[in-house]
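Encoded as structure tokens, the structure appears first; notes follow it.
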């Protein structure tokens, strides 16, 4: 028996970042949504714990001795008191790496949920979120994989159940963006602020897009200095007919555009794919129910 699940792409609809603290972490405020596209994770019982990686971006992870999936599953075994879980894990890596999409943390979150179900472990969601923290501050939010306000280090989460589905196009210009390097460049500039804005007056897609236009991604400028290839992607998405907002996600290099309709998003994705065949371009719905 095997179980398979989606590890969805994570999008920071806005990202307000404060100055680095004594513990080395940055406080933040963000509204996070998950896409209906991502990697796929499969788990099945085996003699020992193992991981195989395939897919268009699999080669970039094949040499990792301590993939986040393995780290999370070893922590799961420790928390459940069963030792290292004997599972064969397969990862179909569809998302670009170092892309600001939370891919590694989302992969780990999917693997944790699938392993709990397959092994029948008596761990509730709160206990599983504690395990997910081993992969980083965004581990718990990627385990939940649902729209949320994120504060603290990104681990203080409040469900954003009012966020409607948003039609989007995700674009990665084919270059990695190092989270650590972006934060170091951010620290060299003016101090940021973790202001959490008041929510929009109404939660229609048009109203949410207008409200988001008044927010920021505080890491965008630092990422553009380090990875200038992000700017042409931002410009190309912003030039599409029907786009209501264009912004970088997380620490980059993926950017997203939000559209009023799925038809507008589909046309934009087709146009961007034709104009930039070397880029990764995907249409998606953000905040869709049932992820």
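Numbers below:
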quantity	calculated
Considering residues of segment 184-206 that are in contact (Cβ under 8 Å) with a residue 60 or more places away in the chain and buried (at least 18 other Cβ atoms within 10 Å of the Cβ) only, the residue farthest from the chain's Cα centre (by Cα)	192
Positions within segment 43-57 being assigned to a strand (DSSP E or B) and either assigned by TED's automatic domain parsing to the domain that holds residue 184 or surrounded by 18 or more Cβ atoms within 10 Å (Cβ to Cβ) (or both), in sequence order	43, 51, 53
Test for residue 18: is it surrounded by fewer than 23 Cβ atoms within 10 Å (Cβ to Cβ), at pLDDT 95 or above and either in the same structural domain as residue 198 (by TED's automatic domain parsing) or within 21 Å of the chain's Cα centre (by Cα) (or both)	yes
Scope segment 60-93; condition surrounded by 14 or more Cβ atoms within 10 Å (Cβ to Cβ), out of contact with any helix residue (DSSP H, G or I) (no Cβ under 7 Å at 6 or more places or on another chain), in a loop (DSSP other than H, G, I, E, B) and modelled with pLDDT of 95 or more; matching residues	86
Some residue of segment 104-117 being over 22 Å from residue 2 (Cβ atoms) and either not assigned by TED's automatic domain parsing to the domain that holds residue 254 or not in a loop (DSSP other than H, G, I, E, B) (or both)	yes
Single residue of 199, 228 found to be assigned to a loop (DSSP other than H, G, I, E, B), outside the structural domain of residue 129 (by TED's automatic domain parsing) and farther than 18 Å from residue 100 by Cα	199
Qualifying residue in segment 260-271 (condition: more than 24 Å from residue 180 (Cβ to Cβ) and either assigned by TED's automatic domain parsing to the domain that holds residue 9 or assigned to a loop (DSSP other than H, G, I, E, B) (or both))	yes
Filter result for residue 40 (farther than 21 Å from residue 99 by Cα and either at pLDDT 95 or above or in the same structural domain as residue 196 (by TED's automatic domain parsing) (or both))	no
Subset of segment 207-225 that is out of contact with any strand residue (DSSP E or B) (no Cβ under 7 Å at 6 or more places or on another chain) and surrounded by fewer than 20 Cβ atoms within 10 Å (Cβ to Cβ) - its residue that is farthest from residue 252 (Cα to Cα)	207
Flag for residue 100 being under 24 Å from the mean Cα position of the chain (by Cα), modelled with pLDDT of 95 or more and within 26 Å of residue 226 (Cα to Cα)	yes
Residue that is within 26 Å of residue 250 (Cα to Cα) and without any contact (Cβ under 8 Å) to a residue 40 or more places away in the chain, where the choices are 125, 138, 107	125
Output for segment 144-173, where each listed residue is modelled with pLDDT of 95 or more, part of a loop (DSSP other than H, G, I, E, B) and under 16 Å from residue 10 (Cβ atoms)	145, 146, 147, 160, 163, 165
Given (1) in contact with a strand residue (DSSP E or B) (Cβ under 7 Å, 6 or more places away or on another chain); (2) more than 24 Å from residue 119 (Cβ to Cβ); (3) surrounded by fewer than 16 Cβ atoms within 10 Å (Cβ to Cβ), number of the condition residue 30 does not satisfy	(3)
Unique match (being part of a loop (DSSP other than H, G, I, E, B), buried (at least 20 other Cβ atoms within 10 Å of the Cβ) and either at pLDDT 95 or above or in the same structural domain as residue 188 (by TED's automatic domain parsing) (or both)) among 250, 257	250
Residues (without any contact (Cβ under 8 Å) to a residue 12 or more places away in the chain and buried (at least 16 other Cβ atoms within 10 Å of the Cβ)) located in segment 267-287	273
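The values are calculated or read from the model by the stated rules, or taken from the named source; none is laboratory data. Quantities reported herein were computed from a predicted structural model and do not represent experimental measurements. We place every Cβ from the backbone using ideal geometry, glycine too, and count neighbours over all the protein chains shown.
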